[in-house]
1. Determine which lysines satisfy two conditions relative to residue 86: a Cα distance under 21 Å, and not lying fewer than 8 residues away in the same chain.
2. Mind checking which of 173, 144, 91 has the largest fluctuation in a GNM of the chain, springs on alpha carbons under 10 Å?
3. I need the per residue convex hull volume for the range 1-152, using only the alpha carbons, in cubic angstrom as a whole number.
4. Summing -39500 (n - 2.57) over the DSSP H runs of n ≥ 4 in the chain and dividing by its residue number, what mean residue ellipticity at 222 nm do you reach, to the nearest 500 deg cm²/dmol?
5. Just the ratio, please: alpha-carbon radius of gyration of the range 120-232 over 2.2 N^0.38 Å, N its number of residues.
6. Please sort through the DSSP H helices of the chain and keep those with an alpha-carbon extent of at least 30 Å along the long axis and a Kyte-Doolittle average not below -1.0.
7. Considering Cα pairs under 8 angstrom that are at least six residues apart, work out the relative contact order of the chain and quote it in whole percent.
8. Regarding the range 35-79, what is the average projected area of its C-alpha convex hull, in nm²?
Amino acid sequence: MLRFLDAGESHGKGLCAIVEGLPANFSINIQNINKELRRRQEGYGRGSRMNIEKDQVEIISGLSEGKTTGAPVTLLIQNLDYENWKHRTKEETFVSIPRPGHGDLTGEFKYATGDLRNSIERSSARETAIRVAVGALCKEVLRELGVEIRSKVQTLYGLNDTFCDLFDDGLYEIIEKSPMRVLRQEASFMELVDEARKKGDTLGGWVHASCQGVMKGLGSFMHYDRRLDGLLAGALMSIQGVKQVSVGNPFLYASGYHYHDGITYEEGTLKRVTNHAGGLEGGITNGEPLDVFCYMKPIPSLLLKLPSVDLQEKENVDSRYERSDVTAVVPLSIVVEHVLAFELLKEILNSFARDNKEELIASIEKREERLGVL
């Protein structure tokens, strides 16, 4: 079974992860992983932290001559901002005023450390850096299996971008070059961010991610906890700030006749007229592109004041501000790609032989041979 554990705090020495269950003999290009880490750091609306961190991954186990060995792979990312924090005193870092919308207060309910800084450090979205590194590692394997994942920003604070085929290379080149990761109305999106920054406010929105080349038959309806849509939704909801997840277009309002994807037989194969189901039916992939949408709430760290309480003094106060982005919807699109990469590879390895590359590919080809006669 593919799994990983990650550790680290926002302003600690670094972030690390141990990934277990990768098949042997897959080539891993560390430069591709670092490229994905850079993509996560880019985007309009990011805060000053991204001017400090230059995320690079170090792989300290699990590879031999650039290939997986079947052993656990250990990833490490250094926090450059640690140098600015390591000499701060307890008085300088102590926090007793929780920020509404964050895990500050609920973390204290659970762990009772007496200092909200401990909740802030571990619940921070800085953790998504190591999750992207894990997902980028999985992308290396998926690429050799013919699976590709792409994403874009779909909406920001009610402003909608054009829906498009993310696997149209010409259109996707525009999205990749856009600081808002949108196809159209780039200036309008940036103006929204600028207005929010001036007000001291933050913005949320939707992202769209699509996976092409996903094998038919991943997932199961035999038990509730094996349905792939449920597994994907749980993983995507675990990303900091995500409040809604949809498999298939959440903005489509149609009757059953217009919603469900007709099936045709053309040129010796089964095809779908549409893909409103987002590539999943009955918790199992149907061979169409796997489309997911995620909504991220506005970041709760904002300069505008919200009511809060000083837990030490037991008095009502204004909320406190912790350095943050104006919007994290742009980097969310990148994080979603990599969460999907891990979950999809995990399901592929659950479905097919998984000890090494050769047996895995042979197992997948056997499935495709059987399905080719349907």
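1. 13, 54
2. 91
3. Values: hull volume 21.6 nm³, N = 152.
So the per-residue Cα hull volume is 142 Å³.
4. Counting only the DSSP helices, I get -10500 deg cm²/dmol.
5. Details: Rg = 17.4 Å, N = 113, 2.2 N^0.38 = 13.3 Å.
Normalised by 2.2 N^0.38 Å, the Cα Rg of the range 120-232 equals 1.31.
6. Values: long enough: 329-351 (33 Å, 1.27).
Those that clear 30 Å and a mean of -1.0 are 329-351.
7. Numbers: 735 pairs, mean separation 83.4, N = 374.
Result for the chain is 22 percent.
8. Working: hull surface 15.4 nm².
Quarter of the Cα hull surface area: 3.9 nm².
Bear in mind that the values in this text are calculations on the coordinates, not laboratory data. What you see is a predicted model; the values in this text were computed from it and never measured. Here the Cβ is made from the backbone with ideal geometry for all residues, glycine too, and neighbour counts use every protein chain on show.
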